[in-house]
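Only one structure is covered here, and it is reproduced in the block below.
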Amino acid sequence: MILGIDMGASSSKWALFSGGEPTARGVYAPLSGHLYTPEARGRMTEGLAGIRAAMPTPPSAVVVGVTGLQRDLAPLIEAMLSDTFGLPVAALHVTDDMHLAHAAHFPGGGGTLVYAGTGSMAYHRTAAGKVLRAGGHGFLIDDAGGAFWQGRQGLKAALRGLDEGQAESRLAAGLFGAIGSRHWPDIRAHVYGEGRAALARLAPAVYAAAVDGDPEAQEIQRRAGAELARLGRAVLNRSGSHEVALCGGSFNPLVRAAFVAQIGDTLTVLPGAEPLLGALALAPGPPESRNV
């Protein structure tokens, strides 16, 4: 029984695998590797206990992909896992969330993964463990193409239209509907009260407006795909890889189409895979015992 946990900025997903197939799964609150304060460590302890309580049976191995993982804090997370699940450290594997997702698409290494969730990154890992990456610099610096970026671009366009007295566009109507108000004090409280997650949650409204024909929303989707293709090319050119996989909730059909149009036809774009499947490739023990 292999437990995979994918800790992210929006939520933490888990799945219990038996014989290579999921037998149980669930979603928990966001968890991350930023364990610098007692409060943050308390949330991690509480989160792991919540996941354990939701499982129908205990695991024999645990693989965790942690967003924002600092390698010097990996032993602390291992100790928390050991205490929570009653397993020795030898039965645990703690890594970052990108490694987990990459292993789901390229179990033996190689290939380049372009990820677009709340943020964005391109990631390549060789069979020997050498990592090449681009992006992942956080929303204050870049993260172009991800959900935060899409939501921010959409809301910026909507508010500029409001400032200029323009008729309300499909994009603006969708975003104001998602927020629950078109009045600036309410919008300000929503965005600045909840931070980047509030803007990331607006990305589906931008996509819906694009599907509905809004030209500004369509341009945001096109630019998102172009930005993500730029990340992919940065790593593909350095790695020499010719295979690329796309992962993350921000890769909606329009963004994916724009990415493929930008990346060129000399590469093989693989089907997406659930990041939690990376637990099967990374779990301690011989591969033949995991049905990888």
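Quick note: the coordinates plus some simple rules give every number you see, no bench work behind them. Nothing here was measured: the structure is a model prediction, and the numbers come from that model. Counting neighbours? That spans all protein chains shown, and the Cβs are built from the backbone with ideal geometry, glycine included.
Measuring from the lowest to the highest alpha carbon on each principal axis, how far does the stretch 1-158 reach, largest first, in angstroms?
Sorted from largest, the Cα extents of the stretch 1-158 read 50, 37, 31 Å.
At 7 Å along the Cα-to-beta-carbon direction for both residue 219 and residue 188, put a label point, then send me their distance in nm to one decimal.
2.7 nm
Roughly what % antiparallel, to the nearest 5, for the DSSP beta bridges in the chain? Could you put the intermediate results ahead of the total?
On the way: 23 of 41 bridges.
The antiparallel proportion sits near 55 percent.
Using helices alone, I'd like the mean residue ellipticity at 222 nm for the chain: each DSSP H run of four-plus residues gives -39500 (n - 2.57), total over residue count, nearest 500. Intermediate results must be reported in sequence, preceding the final value.
Numbers: 11 runs with 131 residues, N = 292.
Rounded to the nearest 500, the figure is -14000 deg cm²/dmol.
If you build the Cα gyration tensor of the stretch 125-249 and take the root of 5 times each eigenvalue, what three semi-axes come out, in whole angstrom, biggest first? Numbers along the way, then the final one.
Values: eigenvalues 214, 50, 23 Å².
Over the Cα atoms of the stretch 125-249, the semi-axes work out to 33, 16, 11 Å.
If each residue's Cβ is checked for other Cβ atoms within 10 Å, how do 191, 89, 64, 94 rank with the fewest at the top? Mind dumping the intermediate values first?
Values: 191 17, 89 13, 64 30, 94 23.
Fewest-to-most ranking of 191, 89, 64, 94: 89, 191, 94, 64.
For the stretch 185-292, report the convex hull volume of the alpha-carbon atoms normalised per residue, in Å³, without decimals.
Working: hull volume 17.4 nm³, N = 108.
So the per-residue hull volume is 161 Å³.
May I ask you to compute the full-extension gain from residue 262 to residue 71, defined as 0.36 nm times their residue separation minus their alpha-carbon distance, rounded to one decimal in nm? Intermediate results must be reported in sequence, preceding the final value.
On the way: separation 191, 0.36 × 191 = 68.76 nm, distance 3.46 nm.
Full extension from residue 262 to residue 71 adds 65.3 nm.
Rg/Rh for the stretch 31-121: what does it come to with C-alpha atoms and Rh from Kirkwood? Each step should come with its number before you reach the end.
Values: Rg = 14.0 Å, Rh = 14.2 Å.
Answer for the stretch 31-121: 0.98.
What is the helix-to-structure angle for 253-263, meaning the angle in degrees between its Cα long axis and the longest Cα principal axis of the chain, kept from 0 to 90 and rounded to the nearest 10?
80 degrees
Going out from 0 in 5 Å bins, what whole percent of all Cα-Cα distances in the stretch 72-198 drops into each bin?
In whole percents, the pair-distance histogram is 2, 9, 14, 13, 12, 12, 11, 9, 8, 6, 3, 1, 0.
Would you mind calculating the relative contact order of the stretch 85-204 from Cα pairs under 8 angstrom and at least 6 residues apart, reporting the percent as a whole number? It would help to have the intermediate numbers written out before the result.
Values: 141 pairs, mean separation 23.0, N = 120.
After rounding, I find 19 percent.
For the stretch 1-108, state which chymotrypsin sites (Phe, Trp or Tyr not before Pro) are in a DSSP loop and have at most 15 other beta carbons lying within 10 Å of their beta carbon. Before the final figure, lay out each step's value.
Values: sites: 14, 17, 28, 36, 85; in loops: 36.
Loop-located and lightly packed - 36.
How high is the relative contact order of the chain, in percent, counting Cα pairs under 8 Å that sit 6 or more residues apart? Mind showing how you got there, number by number?
On the way: 587 pairs, mean separation 62.1, N = 292.
Once normalised by length, the contact order is 21 percent.
Project the alpha carbons of the chain onto their principal axes and report the range along each, largest first, in whole Å.
Cα spread of the chain along its principal axes, largest to smallest: 63, 46, 33 Å.
Just check the stretch 207-252 against the gyration tensor rule for me: Cα atoms, a ≥ b ≥ c as the square roots of the eigenvalues, rounded for a/c under 1.5, and otherwise prolate or oblate depending on whether a/b exceeds b/c.
Details: a/c = 4.37, a/b = 2.46, b/c = 1.77.
Prolate, since a/c reaches 1.5 and a/b exceeds b/c.
Only Cα pairs under 8 Å and at least 6 apart count here; give the relative contact order of the stretch 19-155 as a rounded whole percent. Intermediate results must be reported in sequence, preceding the final value.
Details: 178 pairs, mean separation 21.2, N = 137.
Dividing the mean separation by the residue count of the stretch 19-155 yields 15 percent.
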